1. Taking a cut-off of 33 Å, what percent of all Cα-Cα pairs in the chain are separated by more than that?
2. State to the nearest 20 debye the size of the charge dipole of region 107-225 about its Cα centre, where the only charges are +1 on K and R beta carbons and -1 on D and E beta carbons.
3. For every other residue with a beta carbon closer than 12 angstrom to the beta carbon of F218, add +1 if it is Lys or Arg and -1 if Asp or Glu, then tell me the sum.
4. Taking all pairs of different Cα atoms in region 62-114, averaging 1/r and flipping that mean, what Kirkwood radius in angstroms comes out?
5. Positive end of the charge dipole of the chain (Lys, Arg +1 and Asp, Glu -1 on Cβ, about the Cα centre): tell me which of G271, G87, N208 has its Cα farthest that way.
6. Using the Karplus curve 6.51 cos²θ - 1.76 cosθ + 1.60 with θ = phi - 60°, work out ³J(HN,Hα) for each residue of region 20-28 in order, rounded to whole Hz, and write x for Gly and Pro.
7. Near F78, within a Cβ-to-Cβ distance under 12 Å, what is the net charge of the other residues, with Lys and Arg +1 and Asp and Glu -1?
8. In debye, nearest 20: dipole of the chain around its Cα centre with unit charges on the Cβ of K, R (+) and D, E (-)?
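The values are calculated or read from the model by the stated rules, or taken from the named source; none is laboratory data. What you are looking at is a predicted structure, and each value in this text was computed from that prediction instead of being measured. Virtual Cβ from ideal backbone geometry, glycine too; neighbours counted across all protein chains shown. The area values use the complete protein model at the heavy-atom level, side chains included, leaving out ligands, DNA and RNA. Shrake-Rupley method; radii C 1.70, N 1.55, O 1.52, S 1.80 Å.
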Amino acid sequence: MTKLDSKSVLTSGVMKMPVVGLGTWQSTPEEIDTALNAAIDAGYRHIDTAFVYQNESAIGTTLKKLLDSGKITREELFIVTKLPGTGNRREDVELFLKKSLEALQLDYVDLYLVHSPVGMVNKGFDQLFPMGEKGEILFDMNTDLLELWKGMEAQVDAGRAKSIGISNFNQNQVKRILDSCRIPPANLQVELHIYLQQKEFVSFCKQNGVTVCAYSPFGSPGQKAFFEKRGIPTEGIRLLFPLEDPVVKEIAEKHNKQPSQVLLRYMIEYGVAVIPKSTNPDRIKQNFDVFDFELTKEEFEKISALDRGEDGRMFGGRGSQGFFNLMESHPEYPFPK
Ligand SMILES: NC(=O)c1ccc[n+]([C@@H]2O[C@H](COP(=O)([O-])OP(=O)(O)OC[C@H]3O[C@@H](n4cnc5c(N)ncnc54)[C@H](OP(=O)(O)O)[C@@H]3O)[C@@H](O)[C@H]2O)c1
């Protein structure tokens, strides 16, 4: 294994993705300024957001201040955002990316991802989950991933995205894109943590030059509260707590580190990038402080053995309800049951 340090990157084509980035799902616009400043001070250069997180404007405001002050340069930053499901059409990609760039106050993003293979009807920028008369979510059952990808490639040609990728796609969907694309996806962002390690899929991606970024590396402990606050049913959501795992806790104690740091260290040694979310400056700092220790071979294998396969999947896992349950009727629903 090459020695990992705070400047380590995953490369694919022209893309150089820093291995630790800041996640921002559930980070409110009010929390962003403190979080981003803490992250930049700690050494983060990779920031992950999405159109649907509704915090791109706040991120843009702070980035502008940081760039204007000369504290960082645009070239040092690695900014990722995502096309919402309501934009999953070739002709809609440009509209949504331009809207994101305007909010972020940037000329380009380093990586633009298709957020999900499941398309929804486009009812305007403010309708993130468009509803029909009976309160049903309006899915676009005619999502054509290969056509959509042509719209993504056009963003690279236009200079609005340096690299493009996909999120929440399964192996078959990644393969279909690889088999027909002009510009291959540089990155796949999927749920990945000690209980859902997706070993075969990760190795398929690596063999095909697609880097992988792990979302919810701590098992997204804040998601239940987030859904409840919005009245989204949480019944049946599988909640897992990697931070509480006894094997991880024991290894953390041995290294005089926190369980969070062991979880992140395992993932970057496993060869993927991580984007832990926090808005707490101390935890933001802690989550980047993972370059001064290494797991022994035995420790690495112990954590590798914690994989639960599909039983470890939270987002859209077996028996999940609410939004994911509704999505299942879509022909491009990606998750195995
Ligand atoms: N592509 C997709 O569909 C998708 C889906 C989900 C997530 N994501 C991306 O991946 C990022 C990370 O995933 P996530 O937000 O679901 O969950 P996560 O990073 O696994 O967990 C975040 C939660 O852990 C807490 N936390 C952070 N650092 C901690 C530490 N050192 N010790 C203890 N608790 C800690 C945070 O609270 P505090 O803020 O209070 O610290 C927050 O509640 C997202 O923010 C988003 O950028 C992408």
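1. 22
2. Magnitude of the dipole: close to 320 debye.
3. -1
4. Its Kirkwood hydrodynamic radius stands at 12.0 Å.
5. Value computed over the given set: N208.
6. Ordered by residue, 3J(HN,Hα) equals 10, x, 9, x, 9, 5, 6, 7, 7 Hz.
7. Residues close to F78 contribute a combined charge of +1.
8. It works out to roughly 240 debye.
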